[in-house]
Amino acid sequence: MEKEQPQEGRKETVPENNLEEKLESLQSLLEKKLSQPSDQQRDELPKESLADENLKFIKMIYSILLENEVDEKYVNQIMDEVEKVMKSGISVDYILSSIYQKMILKFGQPQPIELSGRKPKVVFFIGPTGVGKTTTIAKIASRFKVEKGQKVALYTADTYRIAAADQLRTYANILDTPLNIVYSSDELNGELAKAGEFDLLLIDTAGFSHKNQDQLNETRELIDRVPKEFEKEVYLVLSATTKYRDLLDIADIYKENFQFKMIFTKLDETSCFGNILNMKLYTGASLSYTTYGQNVPEDIEIFNTQNIVKLLLGGK
């Protein structure tokens, strides 16, 4: 069951009991790595020794973030912000809590699909080939139809791969929801004109190289020409296993052409999650969902900020 998200406009905070839980397990792990002295021994240390201990701790966190493939410039930003609030004699616990909170704020509030009830919502899924767009759409469709009782319709504009339409048709049959194949923005708008009874319309687009300008233009036309009678959102689907350099190239093309939120897939296929933070900070786009397997609809969740930050800091 999806957790309720904080209301828009409110400053995002981590519940105190949840924060303490996360920090307690993380602190235990980090203390083993540091072989820290006891509280009593720490109180007896001169301020110079405390400063050395804190510096050692910060260097260790710095190294852990780099190992998790967070871009060095973003690691430096986080550490610079933490150093601004550091005072002499502060504890390692305080430093860890500060770093944790800074990273929570940098990820921002997750932005999943929400229905206003005023208009049907059309949601486009864009992104390169092989990232799992079609399976992600099936998971989201199942969530809204089965768990929330919404009327859902599926569309595919991926006419370049027969297998993509077949895969989505299989899911549509299981969910007992219609699937329409569209070849142009005119065809899509014609289908949308008949879709007033639906709450949510999910549209799979062709996965293509971000260097293919013709297909990019086709996708942009599909999105730009959606009638005003519909609410519209775009989600860029990216794989957590894609190399950082390639992610930057993909982001450069897509952010020039679309306003989007991001979905990260294949979290089960990597142990490094730094690129999620890198892309959030590079694009400024909100994060929405993560997926971690092929099971429909189980292997998807609203972006779990606290869990990802814990993993980035070396937790389990």
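Observations, loosely collected:
- Of 274, 250, 263, farthest towards positive along the dipole that unit charges on Lys, Arg, Asp, Glu beta carbons give the stretch 248-316: 274
- Extension gain, residue 116 back to residue 184 (0.36 nm per residue minus Cα-Cα distance, nm): 21.7 nm
- Simple label model, 7 Å out from Cα along Cβ direction - residue 229 to residue 194, nm: 1.4
- When a 1.4 Å probe is rolled over the protein heavy atoms, the share of accessible surface on the stretch 169-270 that falls to carbon and sulfur comes to 44 percent.
- In this Cβ point-charge picture (+1 for Lys and Arg, -1 for Asp and Glu), the stretch 176-262 has a dipole of about 420 debye about its Cα centre.
- Paramagnetic reach from residue 151 in the stretch 118-133 [backbone N under 16 Å; point 7 Å along Cα→Cβ]: 118-122
- Potential extension, residue 215-residue 66 segment - 0.36 nm per residue separation minus Cα distance: 50.1 nm
The values are calculated or read from the model by the stated rules, or taken from the named source; none is laboratory data. Worth saying up front: this structure is predicted, and the values here are computed from it rather than measured. Ideal geometry is used to build each Cβ from the backbone, glycine not excepted, and the neighbour counts take in all protein chains shown. Calculation scope for accessible area: heavy atoms of the full protein, side chains included, ligands and nucleic acids excluded. Shrake-Rupley method; radii C 1.70, N 1.55, O 1.52, S 1.80 Å.
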